[in-house]
1. Restricting the search to the range 48-84, which residues are under 14 Å from PRO31 (Cα atoms) and open to solvent by less than 80 Å² (accessible area, probe 1.4 Å)?
2. Quick one: is LYS98 among the charged types (D, E, K, R), at pLDDT below 65 and in a helix (DSSP H, G or I)?
Amino acid sequence: ISMLFLILLLFFSALFPVAFSCCTKISEEIPKGILRRVERFDVQKADGLCHLEAVILYIEGRKFCVSPRIKKVKKWMKKRLNVHQKRGRRQRRTKIQKREKKKR
């Protein structure tokens, strides 16, 4: 029976890999020091296979699920998104300026 269970588990994990990576429990608070160490993050929506809204923080190969309603997390995510957008715009402008200088 245990062998059959194992085979079924492997079968379903191959068919539905997202279902096994969903956050099932979230933390309602987070120490600020953890946010400094985050390498990347994902937002899990409460639709499809995942039935819980969460922010997934990846730190040193581990994932932490926190509530997207935490003010610190909202502010941190907004800051990170703004920084990435600004960097992309600056790079585009410098490339355009360099091309213009070459033309002159």
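The values are calculated or read from the model by the stated rules, or taken from the named source; none is laboratory data. Only a predicted model underlies this, so the values are computations on that prediction, with no experimental measurement involved. Areas reflect the complete protein model, heavy atoms only, side chains present, ligands, DNA and RNA absent. Shrake-Rupley method; radii C 1.70, N 1.55, O 1.52, S 1.80 Å.
1. Correct list: LEU57, ILE59, PHE64, CYS65, VAL66, SER67, ILE70, VAL73, TRP76.
2. So LYS98 fits the description; yes.
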